[in-house]
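The values are calculated or read from the model by the stated rules, or taken from the named source; none is laboratory data. Model, not experiment: these values are computed from the prediction. Counting neighbours? That spans all protein chains shown, and the Cβs are built from the backbone with ideal geometry, glycine included.
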Amino acid sequence: MALIKCDFYSDALGLSTSMHVILPQQTHTQIGMDNVSGKGLHPTLYLLHGLSDDDSIWLRRTSIERYVANLGIAVVMPQVHRSFYTDMAEGGRYWTFISEELPALARSFFPLSAKREDNYVAGLSMGGYGAFKLALRKPEQYAAAASLSGALDIAAHMDRNASSALQQAELQRIFGPQVAGTENDLIHLLKESQGQRPLLYQCCGTEDFLYEDNQSFRQACTQTDFQLTYEEGPGGHDWAYWDAKIQNVLNWLPLHERK
C-alpha cells in the first residue's frame, strides 16, 4: 500500500485543508503483507472521522491500512473539523466540499474510479451521520454506506433538548434553528428518498450514548425498502469497538459485485 498525506486548497471552503489517502500497491516481497492492486482505476472508500478527530485518526487508532491491503481498494480520509459534513449556518460549506469538490479533486490527483459501483462511504459517530447523508442525498454516487455508532437523529437533539446548552449552541451554528424535516434530517431523508438505493450497514454498541439515536434510525429504515444490515452488541463509543467493526464493514462491502 501507498500512504499519502495530501495538503490542498478547497475553493468550497476558501482555505487550505488536507486528506490522507491509502492507495493499492501490488507487492511480491513485502514481509507480513498481502498487497493487491487491480488494473485501471481503483474502487474507493471514503472514510469519515468523528466530531473531535481529523483526517489522520483512522490511521492512528485502527489498522485500516493493513485491513484493506488485500482488497485492492483506495481509502480517502478527509478533514472536515466539527462541521457535521454540512453547509454550516455560521461557517464553511462542508457539505458542498464533501459531496462535490472532494471526490472531483481526489480523482484529479489519484487514479480513482468515478463509477457508482466502485464508490462507498463509511464513518464513525459524526462521520456515520455524514456517510448516511451522502448515501441518502447522493445515491447516484455511492453503492454502499456504513455508519459505526452514528449520530443519526440530530433532530432529536435539536427538537427535544437532548443535549446540553453548549451543544445546542454549537448545533445551531452548524444547522440553524431547525433540523427536523430538512435535508439535514436523516430520518426525513429516508422517508423522502427516491431513485437508487445504496446498501446500508449500521452498527452501534448497546452501551453507547448514541444507541437511542441508532434505534430511531433503524426503526425508520424498516418502513422503507432500503436494504439495511444492522448489528448491535456490547460496546461503547470507543476505538476498540470501531477497530473491530470497520473490519466487518470491509467484509460487507459489495466488492465482488463490481463490473
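General remarks:
- Subset tally (residues that are of a type in the set (S, T, N, Q) and modelled with pLDDT of 95 or more) for region 171-205: 3
- Criterion (within 30 Å of residue 178 (Cα to Cα) and hydroxyl-bearing (Ser, Thr, Tyr)) met by exactly one of 94, 67: 94
- Qualifying residue in region 31-41 (condition: touching a residue at least 40 places away in the same chain (Cβ under 8 Å), crowded, with 16+ Cβ neighbours inside 10 Å and over 23 Å from residue 125 (Cα atoms)): no
- Residue count for region 142-170, restricted to those that are touching a His at 6+ places or on another chain (Cβ under 9 Å), at pLDDT 75 or above and either over 20 Å from residue 49 (Cα atoms) or of a type in the set (Phe, Trp, Tyr) (or both): 2.
- The set of residues in region 43-76 that are within 14 Å of residue 239 (Cβ to Cβ), of a type in the set (Gly, Ala, Ser) and in contact with a strand residue (DSSP E or B) (Cβ under 9 Å, 6 or more places away or on another chain) comprises 50, 56.
- If the condition is being surrounded by 15 or more Cβ atoms within 10 Å (Cβ to Cβ) and either of a type in the set (Val, Ile, Thr) or assigned to a strand (DSSP E or B) (or both), then region 232-258 contributes 232, 246, 249.
- Residues (among the hydrophobic types (A, V, I, L, M, F, W, C) and free of Cβ contacts under 8 Å to residues at least 60 places away in the same chain) located in region 137-159: 145, 155, 158
- Enumeration of residues in region 33-42 that are in contact with a strand residue (DSSP E or B) (Cβ under 8 Å, 6 or more places away or on another chain) and basic (Lys, Arg): none
- For first residues located in region 196-214 and farther than 10 Å from residue 146 by Cβ and touching a residue at least 12 places away in the same chain (Cβ under 8 Å), partners that are charged (D, E, K, R) and in a strand (DSSP E or B) and lie 6+ apart or on another chain with Cβ distances below 6 Å form the pairs 204/232; 206/232.
- Residue 135 being among the aliphatic types (A, V, I, L, M), buried (at least 18 other Cβ atoms within 10 Å of the Cβ), within 13 Å of the chain's Cα centre (by Cα) and not in a strand (DSSP E or B): yes
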